[in-house]
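Q: My questions will all concern the structure given below.
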Amino acid sequence: MSYSQTRRCPQCGDVPKRWRNGVCGNCRKHNIAEEKAAGTYVPTVPGPKPTERPKSAWFQFRTISLTQQQAERFWSYVEKTEGGCWNWQRPLDNGYGNFYIGKLGVRAHRVAYTLVKGTLPDDKVIDHLCRNRACVNPEHLELVTVQINTLRGVGPAAQAALVTHCPQGHPYDEQNTWLETRQGRKPKRHCRKCNKLRQQDRRAGLTSSKGGNA
């Protein structure tokens, strides 16, 4: 057994599950009651609230302007290819290039977009139309919402969006689909026809468990 499991309260001798100011919870309550009766009780003052978390480099860069020397250094790391992509020649991070302005690291394609097309809006992100993460060609970059950028990718949300029919072949259209939403969970599509068939099977005394959900 560890020391914390055998450590006893110095006042009552019990092995408490929780400690309060060096004693068990019951003794602490008793001490507070005595201090209040004697007029010596001083309530604990909560500490200062934590400062606001600093914004990431992605948001900080929206207001940063490059000097001519920094811009020249940036474009010196770019190689233009015959296919139209402008590939980043420095080390890549998960396929993306990073450009450092002092100690601030920013995605290279975001820097390129800002240099050529201007400031990035707060409610948009950049999508690579060429699907090449190392590309910084502004003509291959498009401002889209986070939702559109996700659906254009290859993740689970994008794959689910490509499914147009339930496992039984019924279409996921507006009339045949209802969306189940639960707190803390992702929305889930259900096929109305499959649910109706299951209900009919139950009424008929069957145990069919087939159905279409996504």
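Q: Ranked by accessible surface with a 1.4 Å probe, highest first, in what order do Glu35, Glu72 come?
A: Largest accessible area first, the list is Glu72, Glu35.
Q: Report, by chain and number, residues whose modeled amide H sits under 5 Å from the one on Asn98, excluding near sequence neighbours (fewer than 5 apart, same chain).
A: Asp93, Ala108
Q: How much net charge surrounds Asn176 when only the other residues with a Cβ under 11 Å from the Cβ of Asn176 are counted, with Lys and Arg +1 and Asp and Glu -1? Let's see the in-between values first.
A: Details: positive: Arg189, Arg192, Lys193, Lys196; negative: Asp173, Glu174.
Result for the neighbourhood of Asn176: +2.
Q: Could you compute how much accessible surface Arg182 exposes when probed at 1.4 Å, giving the result in Å² to the nearest 10?
A: Near enough 130 Å² of accessible area.
Q: Still on this structure: By how many nm would the segment from Ile32 to Cys130 grow when fully extended, if each residue of separation counts as 0.36 nm and the alpha-carbon distance is taken off?
A: On the way: separation 98, 0.36 × 98 = 35.28 nm, distance 6.75 nm.
Additional length available on full extension: 28.5 nm.
Q: Name the long-range amide H neighbours of Cys166: under 5 Å, sequence gap of 5 or more, or other chain; modelled H, no Pro or chain starts.
A: Amide H neighbours of Cys166: Tyr172.
Q: Arrange the residues Lys186, Lys124 by how much accessible surface each exposes, largest first, with a 1.4 angstrom probe.
A: So the residues, ranked largest to smallest area, are Lys186, Lys124.
Q: Read phi for every residue in the stretch 188-204 and hand back ³J(HN,Hα) as whole Hz from Karplus 6.51 cos²θ - 1.76 cosθ + 1.60, θ = phi - 60°, with x for Gly and Pro.
A: Result, ordered by residue: 10, 7, 10, 8, 5, 5, 5, 5, 5, 5, 5, 5, 5, 5, 5, 5, 7 Hz.
The values are calculated or read from the model by the stated rules, or taken from the named source; none is laboratory data. Keep in mind that what you see is a predicted model, and the values were worked out from it rather than measured. A quick note on method: Cβ atoms are made from the backbone with ideal geometry, for glycine too, and the neighbour counts reach across all protein chains shown. To get the accessible areas, we keep the full protein, side chains included, count just its heavy atoms, and leave off ligands, DNA and RNA. Shrake-Rupley method; radii C 1.70, N 1.55, O 1.52, S 1.80 Å.
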